[in-house]
Amino acid sequence: PSPRSCQPNGANEEALRYEIEELRQKDLALDQEIAQLLSEGYSLEELEKHISLLHEYNDIKDTGQMLLGKLAVIRGVTTKQLYPEYDLELSD
C-alpha cells in the first residue's frame, strides 16, 4: 500500500487539495509563460514545433544514454569514462 493509503481520510484529502493547488499554480505559470512568448512574437504553431523538437531531442538523448550505459557494462567501465572516447561533455 502507498503511504497515502495509510493516512486518515482528512490527511489524505488535505494532501490532495495541496497537490491540486500546486497543479493550478503550475498551470497559471505556464499560461503566463505562453502569454509572454506570444507577446514576443512567437506563434502557437512555432511553440508547438519547438516542443515537438524538444521531445524528439530528449528521446534521442535518452536512447544514446541507454546505449552508452550498455556499452559501459560490456566494457566494465563507467559511462563517464566513455565520454572522452566519443568527444562528449559531461553536460551533454
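The values are calculated or read from the model by the stated rules, or taken from the named source; none is laboratory data. Every value quoted in this text rests on a predicted model; they were computed, and no experiment measured them. Here the Cβ is made from the backbone with ideal geometry for all residues, glycine too, and neighbour counts use every protein chain on show. When the accessible area is computed, the model is the full protein with side chains, heavy atoms only, and any ligands, DNA or RNA have been set aside. Shrake-Rupley method; radii C 1.70, N 1.55, O 1.52, S 1.80 Å.
What tally of residues in the stretch 41-59 results from selecting those that are at pLDDT 95 or above and open to solvent by 70 Å² or more (accessible area, probe 1.4 Å)?
Taking the stretch 41-59 and keeping what is at pLDDT 95 or above, we get 52-59.
Those left that are additionally open to solvent by 70 Å² or more (accessible area, probe 1.4 Å): 53-59.
Total meeting the criteria: 7.
Please work out if residue 29 is out of contact with any helix residue (DSSP H, G or I) (no Cβ under 6 Å at 6 or more places or on another chain), at pLDDT 90 or above and part of a helix (DSSP H, G or I).
Yes, satisfied.
List every residue pair whose Cβ atoms sit under 8 Å apart, with the two residues 6 or more apart in sequence or on different chains, where the first one lies in the stretch 63-76 and is farther than 14 Å from residue 90 by Cα and among the aromatic types (Phe, Trp, Tyr) and the second, anywhere, is at pLDDT 95 or above and open to solvent by 70 Å² or more (accessible area, probe 1.4 Å).
none
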